Every structure is written in C-alpha cells, then in structure tokens.
1. Which of the residues that make up segment 25-40 are within 14 Å of Lys106 (Cα to Cα) and near ligand 1 (Cβ under 7 Å from one of its atoms)?
2. Please determine, by comparing only the residues of segment 121-135 that are of a type in the set (A, V, I, L, M) and crowded, with 19+ Cβ neighbours inside 10 Å, which one is modelled with the lowest pLDDT.
3. Go through segment 81-131 and report how many residues are among the hydroxyl-bearing types (Ser, Thr, Tyr) and within 13 Å of Gly146 (Cα to Cα).
4. I'm trying to understand the selection: among the residues of segment 64-86, which are touching a Gly at 6+ places or on another chain (Cβ under 6 Å) and modelled with pLDDT of 95 or more?
5. Mind telling me which of the residues Leu55, Leu71 ends up being out of contact with any strand residue (DSSP E or B) (no Cβ under 9 Å at 6 or more places or on another chain), hydrophobic (A, V, I, L, M, F, W, C) and within 11 Å of ligand 2 (Cβ to nearest atom)?
6. Just give me the residues in segment 99-120 being modelled with pLDDT under 95 and among the small types (Gly, Ala, Ser), in sequence order.
7. Have a look at Ile87, Ile46 and point out the one that is touching a Cys at 6+ places or on another chain (Cβ under 7 Å), crowded, with 19+ Cβ neighbours inside 10 Å and farther than 19 Å from Leu202 by Cα.
8. I need every pair where a residue in segment 32-59 that is closer than 16 Å to Lys113 by Cβ and in contact (Cβ under 8 Å) with a residue 24 or more places away in the chain has its Cβ under 8 Å from the Cβ of a residue that is of a type in the set (Asp, Glu) and away from ligand 1 (no atom under 15 Å from the Cβ), sequence separation at least 6 or different chains.
Amino acid sequence: MKQIGSHLLRLFKETGKGLLELVFPDFCIGCGKRGELLCGDCLEEIKRISNPCQLCGAPQEGPICYHCRDLNLHFDGARSGGLYEGILREILLAFKFKGRADIAEKLWNIMIKALPPYWQIDCVVTVPPHKGSLRERGFSSSLLLGAGVAHSLSLPFYPHILEWRREVKRQVGLSRGERFSNVRGAIALTSKREVEGKRVLLVDDVMTTGATASACALALKRAKAQRVWVLTLARDITLKI
Ligand SMILES: [Zn+2]
Ligand SMILES: [Zn+2]
C-alpha cells in the first residue's frame with residue numbers, strides 16, 4: 001500500500017508537473033509574481049491557528065471549544081494548516097477545481113507544519129472521495145494530500161481503506177446537526193488488519209464541523225485503531241447554524 005502512495009506521487013510529479021509547467025510557468029498562485037508557485041509573502045498571509053481547541057482544532061481560547069463540549073467526536077484531535085479563507089481558500093479551490101495539482105507539494109508542506117509534536121502516528125489514511133467528485137475532477141484532493149503527507153513522514157499509506165457504504169448528500173448547505181446525521185454510520189472499512197492497534201492519521205482537504213472525520217474515526221475505532229488524529233489543509237469556521 002505504501003508503494004501505491006509513492007507510485008501515485010511519482011506519477012503525479014512526472015506527468016502532472018511536466019505537463020503543467022508547459023501550461024503554467026511558475027507564477028505565484030496567490031499574487032501572480034514570477035518565480036514560485038506560492039511565494040513567501042503569500043505563504044505568510046495564511047491564517048495559522050495558533051490557539052487550537054485540543055479536540056477539533058478550531059481557534060479557541062480555552063483547551064476545549066464550545067461545540068466539542070456538546071459533541072461526541074470520535075477522533076482524538078484535529079489540526080489544520082490554516083483557516084479556510086483568503087489565500088488558503090483560493091489556492092485550495094485552484095488545486096481542486098482548476099487542475100492545479102502542481103501546487104500539491106506546497107499544500108502538504110503547510111499541513112505538516114500544523115502537526116503537534118506529541119501526536120504519535122503509525123500510518124496515514126484519507127477520507128474517501130465521493131464517487132461524483134472523482135468523476136467530475138478525475139482526482140481526489142484528499143488522496144493526493146494524504147499520499148504527500150505519508151511520503152513526507154515516511155509512513156505507510158492506506159488510501160482505500162475507508163469507503164462510503166451508502167450515498168450521502170453533500171454536506172455543503174446542511175446545518176451542523178444535519179451534517180452529523182447525514183454521515184452517521186455511512187463509512188465502512190475495506191480491511192481492518194492495517195489499522196488494528198495503530199495510531200492513524202486521517203487526512204482531508206477541509207474540515208468544517210468534523211462530522212465526516214468523526215464518522216471515519218468511528219469506523220477506524222471499531223476496527224480497534226488505538227488513536228485517530230485528523231489533519232486537514234484548511235479549517236472552515238464560517239458555518240453558523
Ligand atoms: Zn505570492
Ligand atoms: Zn473543539
């Protein structure tokens with residue numbers, strides 16, 4: 001499985017990057033300056049989360065945030081590279097919807113910087129893509145980010161271990177409560193052996209309420225994963241309902 005991850009990365013670097021360089025020379029995706037895909041000034045603009053809730057990773061004053069006190073989240077902790085706004089939102093949208101897979105390496109480097117030093121990790125898995133999104137875009141952003149994170153940390157990568165066991169509505173447009181009931185029990189494992197007794201890092205592109213991540217974590221915990229940590233590129237805290 002680890003080989004699949006590095007194979008995927010190699011393939012993406014060789015074909016994806018080569019082709020994209022012809023189409024897009026290295027201009028900063030944020031400000032358009034020539035030289036780098038994401039320049040130092042734009043990187044500085046990403047709003048990092050300096051005081052995360054110990055559980056869900058949202059910006060927070062105390063150790064555990066208001067939402068987490070009421071929720072039964074099944075993961076042990078979540079962190080994100082930055083807030084889903086401004087430059088980070090722009091580059092993630094370009095990555096997902098404008099075919100800018102060449103920016104992936106910058107993105108997983110941003111993610112790795114958000115990992116707390118006390119998280120012990122044995123392997124990396126990803127939130128499964130919805131079938132429709134794969135058809136539309138031809139690639140899964142969570143899969144590519146997961147492969148990169150696993151590769152950078154030299155950890156085994158199990159990309160297809162989680163799957164949707166039924167069709168669910170897109171979470172966009174749903175309230176906080178609806179999001180949790182929409183995905184409840186909707187994730188299953190294709191194999192348990194790889195995660196049993198392991199400290200698992202679950203990777204996704206954006207986390208909003210944590211409902212999907214929590215459904216994934218529950219499936220992993222039922223397969224006796226010892227810990228489930230969640231790492232996303234961005235954290236969306238704009239949902240008010
Ligand atoms: Zn820039
Ligand atoms: Zn929280």
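1. Once the filter is applied, which keeps residues that are within 14 Å of Lys106 (Cα to Cα) and near ligand 1 (Cβ under 7 Å from one of its atoms), segment 25-40 yields Cys28, Gly30, Leu38, Cys39.
2. Residue satisfying both the conditions and the ranking: Val127.
3. Qualifying residue count for the region: 1.
4. Within segment 64-86, the first condition is being touching a Gly at 6+ places or on another chain (Cβ under 6 Å), and the residues that meet it are 73, 78-80.
Listed by number, the residues that qualify are Ala78, Arg79, Ser80.
5. Values: Leu55 fails: out of contact with any strand residue (DSSP E or B) (no Cβ under 9 Å at 6 or more places or on another chain).
One residue alone meets the criteria, Leu71.
6. Within segment 99-120, Gly99, Ala101, Ala104 qualify.
7. Details: Ile46 fails: touching a Cys at 6+ places or on another chain (Cβ under 7 Å).
The conditions single out Ile87.
8. Qualifying pairs under 8 Å: Lys47/Glu85.
The values are calculated or read from the model by the stated rules, or taken from the named source; none is laboratory data. Everything numeric in this text was worked out from a predicted model, so none of it was measured. Every residue, glycine among them, receives a Cβ derived from its backbone with ideal geometry; neighbour counts consider all protein chains shown.
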